[in-house]
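The values are calculated or read from the model by the stated rules, or taken from the named source; none is laboratory data. None of the values given here were measured: they were computed from a predicted structure. No Cβ is skipped: glycine too gets one built from the backbone with ideal geometry, and neighbour counts run over all protein chains shown.
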């Protein structure tokens with residue numbers, strides 16, 4: 001038979017702007033490791049690769065579910081026990097107008113489904129800058145242009161309300177609020193939550209409240225959910241087991257839809273169409289949800305203690321190192337230092353990895369104001385590893401920019 005050269009199978013054009021800086025840099029680290037170097041990883045927010053362990057009572061709950069035969073499909077929205085536990089948790093968070101709850105394969109799937117169920121071509125969603133790049137990736141895949149509002153570094157990375165107001169137009173459908181924030185670790189004040197809620201109320205917008213770190217608060221004061229502040233406003237609150245309960249690989253997350261029932265009923269049905277289409281989230285792992293939310297929270301005492309110590313080490317290093325400054329994070333386990341350098345921050349992090357074998361993530365992968373440069377640190381490793389990494393970064397800064 002005659003042979004012909006194969007024609008290229010091109011990827012879909014809508015993927016052109018899909019980026020995920022956190023994982024994309026792993027390819028460079030693998031190259032450095034193959035050269036025989038030990039890489040110090042400060043790039044991925046996975047507690048389990050460091051000295052944090054999943055609470056035993058969650059593991060036992062999953063084992064029991066497996067032994068009891070909970071290994072087939074679950075209901076699309078989640079098991080009865082899981083949904084009841086999430087509703088109870090919403091009540092403890094002060095969310096009084098819950099209209100629906102559902103379980104997903106990680107909070108990431110909840111974000112994907114809820115954006116897909118809401119936004120049409122020609123519309124937009126306001127995302128913070130800097131933000132967790134999942135939101136930009138999903139919106140790019142949906143062919144929705146990225147419309148970012150600034151977070152104000154000079155105000156502890158609080159949302160810039162003036163910029164947020166300017167970005168709302170007739171095509172805006174929703175505001176994304178990551179609180180505590182990834183990558184900055186900032187946490188919104190009550191006054192800020194009330195201002196954002198009023199903007200959503202006035203313009204008939206949905207608020208996507210990403211609260212996956214709501215139990216990892218490092219300073220005094222409790223976390224406050226925007227859905228509790230504004231029970232009348234349509235809010236989808238995202239949570240999960242990955243961060244608070246140290247089980248990221250189980251891929252268990254959820255969404256809580258609140259607001260006035262008449263306003264969100266049609267949207268909820270859209271969400272459930274997509275939930276049914278993908279069958280269900282992991283079944284046996286869902287039995288860890290009631291164990292986690294209704295069970296002992298004692299593991300959080302040690303987790304927060306470790307994170308406070310590592311946060312303080314990180315911020316003290318940053319603010320005492322030439323060309324580096326850092327707003328102290330109040331929650332989660334990320335810091336977002338600012339760099340005073342003449343070249344781009346992506347060049348900085350790649351050369352840092354090649355020369356000093358420390359992997360961080362460039363600020364341009366999360367978003368930042370033009371003319372500024374940052375990098376994200378994950379301060380989950382123990383103090384010995386962090387101290388070694390920070391010494392290497394300091395040497396690199398001195399050698400490259402003095």
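Just a few scattered comments:
- Test result for residue 258, more than 21 Å from residue 379 (Cβ to Cβ), modelled with pLDDT of 95 or more and within 16 Å of the chain's Cα centre (by Cα): no
- Candidates 328, 309, filtered to the one that is farther than 30 Å from residue 402 by Cβ, within 23 Å of the chain's Cα centre (by Cα), in the same structural domain as residue 373 (by TED's automatic domain parsing) and surrounded by 15 or more Cβ atoms within 10 Å (Cβ to Cβ): 309
- Matching residues, the range 30-40, being farther than 21 Å from residue 133 by Cβ and part of a helix (DSSP H, G or I): 31, 32, 33, 34
- Any hit, the range 163-177, residues being more than 17 Å from residue 374 (Cβ to Cβ) and modelled with pLDDT under 95: no
- Screening the range 85-114 for residues that are surrounded by fewer than 22 Cβ atoms within 10 Å (Cβ to Cβ) and over 20 Å from residue 264 (Cβ atoms) and picking the one that is nearest to the chain's Cα centre (by Cα) gives 108.
- Exactly one residue among 180, 234 is within 23 Å of residue 106 (Cβ to Cβ), touching a strand residue (DSSP E or B) at 6+ places or on another chain (Cβ under 7 Å) and free of Cβ contacts under 8 Å to residues at least 40 places away in the same chain, and that residue is 234.
- Only a single criterion out of (1) in a loop (DSSP other than H, G, I, E, B); (2) under 20 Å from residue 148 (Cβ atoms); (3) touching a helix residue (DSSP H, G or I) at 6+ places or on another chain (Cβ under 6 Å) is not satisfied by residue 328, namely (2).
- Filtered by the rule that a residue be surrounded by fewer than 18 Cβ atoms within 10 Å (Cβ to Cβ) and under 16 Å from residue 195 (Cβ atoms), the range 137-155 gives 152, 155.
- Residues that are in contact with a helix residue (DSSP H, G or I) (Cβ under 6 Å, 6 or more places away or on another chain) and in a helix (DSSP H, G or I), drawn from the range 215-242: 226, 229
- Scanning the range 272-302 for residues that are surrounded by 22 or more Cβ atoms within 10 Å (Cβ to Cβ) and assigned to a helix (DSSP H, G or I) gives 275, 285, 286, 287, 288, 289, 291, 292, 293.
- In the range 41-100, the residues that are touching a strand residue (DSSP E or B) at 6+ places or on another chain (Cβ under 7 Å), assigned to a loop (DSSP other than H, G, I, E, B) and farther than 23 Å from residue 258 by Cβ: 42, 43, 44, 45
- Matching residues, the range 10-29, being surrounded by 15 or more Cβ atoms within 10 Å (Cβ to Cβ), assigned to a helix (DSSP H, G or I) and modelled with pLDDT under 70: 21, 22
- Apart from one condition, residue 264 fits all of (1) within 20 Å of the chain's Cα centre (by Cα); (2) surrounded by 19 or more Cβ atoms within 10 Å (Cβ to Cβ); the exception is (1).
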